[in-house]
Structure formats: C-alpha cells, structure tokens
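Only one structure is covered here, and it is reproduced in the block below.
The values are calculated or read from the model by the stated rules, or taken from the named source; none is laboratory data. Just so you know, these numbers come straight off a predicted model, no measurement behind them. A quick note on method: Cβ atoms are made from the backbone with ideal geometry, for glycine too, and the neighbour counts reach across all protein chains shown.
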Amino acid sequence: MNTMQIRYFITIAQLENMSRAAELLHISQSSLSKNISAIEKELGTELFERNGKNISLNRAGTQFLESCRRMIAELDDSIDRINREIKGQNNRIRIGVDGGLGKLLSCMAAFRRQHPEVSFEVCRSLERDETPDINSFDVMVYPEEKKYARYRGYPFYTERYLLAVNKNHPLAARTSASTADLQDIDFVFLRCGERDMEYPLEICRALAVSPASESYTDSRSLHCQMIAEGIAAGFVPESSADLYRNDPAIRLLPIMQKKFSRNMMICFKRQKHLSPLADAFRQSVMAYYKLDRTEAPERNPADPV
C-alpha cells in the first residue's frame with residue numbers, strides 16, 4: 001500500500017460514506033473501492049462493516065486507523081520540516097515533551113520577548129513513542145525513566161503523581177490517599193510498547209503495593225475513560241491532570257507517599273545541529289535556570305549508550 005491509499009482510508013473512516021469520500025477526494029467511487037480492497041487484501045482482513053453506501057470501521061479497522069493517523073502525521077511533519085529548512089525558515093524551535101513543560105514556559109516567554117521572530121512547536125508525541133529521537137527536536141523535556149536511559153540531560157524539576165478514581169469509588173470522598181489505601185485496588189497502567197510500563201507500577205512494586213488486578217492501555221484518553229467508567233483507578237502526573245480533572249466522573253487525590261513522583265529532565269540536540277536561534281535558546285535556558293553542566297555527563301544526549 002502507499003500513502004495515497006492510506007489517506008483514502010482515513011477519509012472514508014472519518015466520513016463513513018463511500019460516495020461522499022469519493023466526492024471529497026475527487027476520484028470515482030469504483031476507484032476508491034478498489035484502493036480500499038487492495039489495502040484489505042494486503043492486510044488479510046476487512047476493515048469496514050458495509051451497509052450499502054454507509055460503512056463503519058470494524059475492530060481491525062479501528063486499530064489500523066490509529067496507526068495510519070500517526071504515520072501520516074509524522075510524514076506530514078517531516079515534509080513540513082524539510083520544506084522549512086529548504087526555504088531557510090530557521091526561526092522555529094521544536095520541543096518534544098513527555099509530561100509538561102513545567103517551568104520551561106517562563107523561559108520561553110522571556111526568550112520570545114527578546115526574539116519576536118521565534119515560533120515554538122511543542123509536541124506531546126514522546127509519551128507514545130517507544131524510541132524517542134532527540135534529533136527530531138531541538139529540546140526534549142522528559143521523565144527520568146527507562147525508555148529515556150540513552151539520553152543524558154539535566155535535572156529540571158520534580159512532578160508528583162495523583163491518584164485518579166471514579167466518583168463512586170470508596171476513596172473518592174478522601175482528601176488524600178496513603179500507601180495502605182492503594183492495596184487491593186483495581187489499577188489501569190499506561191504502557192508504551194510491550195515492555196515499557198509507566199513509572200508508578202515500579203513504585204508500587206518497590207513499596208509492596210499489590211493491586212487487586214492490573215489492566216493496561218497505551219492511550220492516555222482510554223486510560224481516562226476506563227477510570228471514569230469505574231473499571232479501575234490510575235496514577236496521573238500533574239502535567240496530565242487537566243484531562244482527568246475536566247471529567248465529572250473522576251476524582252483526583254494527592255498521594256501522601258512522596259515516592260509517587262518523577263524527576264523531569266531536559267536535554268538538547270547536539271549543538272552543531274541546532275540553528276543559530278535554537279542554540280541561542282539553549283544558552284538562554286542554561287543561563288535562566290542556572291543548569292550546572294557538571295550535572296550531565298559529557299556524552300551528548302544524541303549519542304547512544
């Protein structure tokens with residue numbers, strides 16, 4: 001299959017109508033159907049439930065749509081970045097984030113006042129990337145966890161975890177939760193890929209906290225939905241708390257045990273690969289927060305272990 005066919009598939013999935021999709025894409029309905037049939041043949045499974053002109057995704061189609069959207073978004077982003085470089089538009093600073101920007105926001109504002117020509121592109125894609133690549137960004141802000149072990153950045157700030165429960169959960173009326181409160185609760189944990197589980201699971205095991213059951217998802221939004229439906233409780237970093245706080249079915253509780261927190265790090269792409277403006281931002285961040293160069297090993301963050 002090719003990218004054109006993938007874009008056709010995404011359009012049909014959004015409209016759930018073959019003739020409307022063909023009209024929007026300016027191709028014949030028969031040609032569009034042939035392209036979708038070619039994708040299904042290559043995958044070895046149907047992707048839609050068909051009911052005349054109206055169609056809807058089946059389970060395989062829903063899974064494939066999520067992958068296609070990520071693929072096309074990354075492709076379009078790469079094309080956009082290449083075009084900007086060709087045109088000499090080097091005034092954009094790309095920041096990859098897993099969690100929140102935290103105190104970096106104030107430095108961004110100060111830098112913007114000094115350099116009004118700068119524009120920031122902040123990407124939250126790191127959380128779902130199994131192998132984040134510093135070379136895709138000028139700056140990365142990320143938790144000090146296993147999947148980032150190959151990077152050596154600077155300690156930046158500490159972020160605590162909150163306990164998220166359904167409003168009808170026995171703990172929902174509490175003002176905080178202790179370690180003892182976490183015993184024998186159904187939990188849902190986030191994971192990236194098959195091996196990288198979110199840090200709270202490691203903390204639970206270190207503190208001998210035994211969940212009644214462990215569910216897993218690789219989607220932050222599904223994590224929130226499962227908690228809202230009362231399927232399980234979950235741990236939420238402060239930087240992602242708004243999604244849960246805005247759901248009336250969820251209650252967020254501070255956790256008394258201080259170990260339920262994570263250290264956030266910041267690192268930069270190799271200096272020689274930074275644009276002059278991005279390098280100026282790197283220097284501004286280093287000076288603004290008085291980051292000690294001795295706190296990070298000499299090895300460049302982009303170098304593999």
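Here the strands (runs of 3 or more DSSP E) wholly within segment 135-249 that include at least 1 residues being hydroxyl-bearing (Ser, Thr, Tyr) are 139-143, 154-166, 213-217.
The sole residue among Glu49, Glu40, Glu74, Glu66 that is acidic (Asp, Glu) and in contact with an Asp or Glu (Cβ under 8 Å, 6 or more places away or on another chain) is Glu40. Only a single criterion out of (1) over 19 Å from Arg220 (Cα atoms); (2) surrounded by fewer than 17 Cβ atoms within 10 Å (Cβ to Cβ) is not satisfied by Gly153, namely (2).
So that you can scan it fast, the table gives a plain yes or no per residue for (1) in the same structural domain as Ile134 (by TED's automatic domain parsing); (2) over 30 Å from Glu145 (Cα atoms):
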| position | (1), (2) |
| --- | --- |
| Ala13 | no, yes |
| Glu40 | no, yes |
| Leu57 | no, yes |
| Leu65 | no, no |
| Gly102 | yes, no |
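Screening segment 82-120 for residues that are among the polar types (S, T, N, Q) and closer than 17 Å to Lys269 by Cα and picking the one that is modelled with the highest pLDDT gives Asn91. For Val139, the requirement of being closer than 21 Å to Val285 by Cβ and surrounded by 15 or more Cβ atoms within 10 Å (Cβ to Cβ) is met.
When segment 49-63 is filtered for residues that are assigned to a loop (DSSP other than H, G, I, E, B) and in contact with a helix residue (DSSP H, G or I) (Cβ under 8 Å, 6 or more places away or on another chain), only Lys53 remains. The residues on offer are Ile36, Ile12, and the sole one that is buried (at least 17 other Cβ atoms within 10 Å of the Cβ), over 25 Å from Ser219 (Cα atoms), at pLDDT 90 or above and touching a strand residue (DSSP E or B) at 6+ places or on another chain (Cβ under 9 Å) is Ile36. Residues of segment 20-33 that are part of a helix (DSSP H, G or I) and surrounded by 13 or more Cβ atoms within 10 Å (Cβ to Cβ): Arg20, Ala21, Ala22, Glu23, Leu24, Leu25, Gln29, Leu32, Ser33. Look at (1) more than 30 Å from Ala280 (Cα to Cα); (2) without any contact (Cβ under 8 Å) to a residue 40 or more places away in the chain and you find that Glu42 fails only one, number (2). Just so you know, in segment 49-71 the residues that are under 11 Å from Ile12 (Cβ atoms) and of a type in the set (Gly, Ala, Ser) include one that is surrounded by the fewest Cβ atoms within 10 Å (Cβ to Cβ), and it is Ser56. Checking each residue in segment 104-119 for being within 23 Å of the chain's Cα centre (by Cα) and surrounded by 16 or more Cβ atoms within 10 Å (Cβ to Cβ) picks out Leu104, Cys107, Met108.
Condition check ((1) without any contact (Cβ under 8 Å) to a residue 40 or more places away in the chain; (2) among the aliphatic types (A, V, I, L, M); (3) in contact with a Lys or Arg (Cβ under 7 Å, 6 or more places away or on another chain)) across all residues:
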| position | (1), (2), (3) |
| --- | --- |
| Thr175 | no, no, no |
| Thr179 | no, no, no |
| Asp184 | yes, no, no |
| Phe189 | no, no, no |
| Tyr199 | no, no, yes |
